[in-house]
Amino acid sequence: MSDWFSKFSKINKSANEAKERLKLVLIHDRTDISANTLEEMKDELLQVISNHVTIDAAKVKITMVHEGREQRLIADIPIKPFRNR
């Protein structure tokens, strides 16, 4: 049964990755920002923020929102609780 679950998890993960890549392609079509540039921006944002706080990288969501002629980059970056040493 664990084999079935691990296969399902891999399929689900692949589907999510494909969905994110498709979003990047659509963003590229609607903006002057290439998919590679957007992915680099995401990686750089996460790196800079993680220098200051611990983040949950698995739950990060970065999206582009279109409102009329405006476009907004929205980052939802969960921060893990700070634990005293």
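The values are calculated or read from the model by the stated rules, or taken from the named source; none is laboratory data. Keep in mind that this is a model prediction, so the values were computed, not measured. Because the Cβ atoms are built from the backbone with ideal geometry, glycine has one as well, and the counts that use them run over all protein chains shown. Surface accessibility is based on the protein's heavy atoms, side chains included, excluding ligands, DNA and RNA. Shrake-Rupley method; radii C 1.70, N 1.55, O 1.52, S 1.80 Å.
How much net charge surrounds Pro78 when only the other residues with a Cβ under 15 Å from the Cβ of Pro78 are counted, with Lys and Arg +1 and Asp and Glu -1?
Its environment carries a net charge of +2.
Given 0.36 nm per residue, what is the gain on full extension from Met41 to Asp56 after removing their alpha carbon distance, in nm?
Working it through step by step, the gained length comes to 3.7 nm.
Thr37: net charge of surrounding residues, Cβ under 12 Å, Lys/Arg +1, Asp/Glu -1, itself excluded? Walk me through the numbers on the way to the answer.
Details: positive: Lys42; negative: Asp32, Glu39, Glu40, Asp43, Glu44.
Charge balance in the 12 Å sphere: -4.
Here region 68-83 is scanned for amide nitrogen atoms under 16 Å from the site 7 Å beyond the Cα of Ile49 along Cα-to-Cβ, giving 72-82. Remark: accessible surface ordering of Asp32, Asp43, Asp56 (largest first) is Asp32, Asp43, Asp56, probe radius 1.4 Å.
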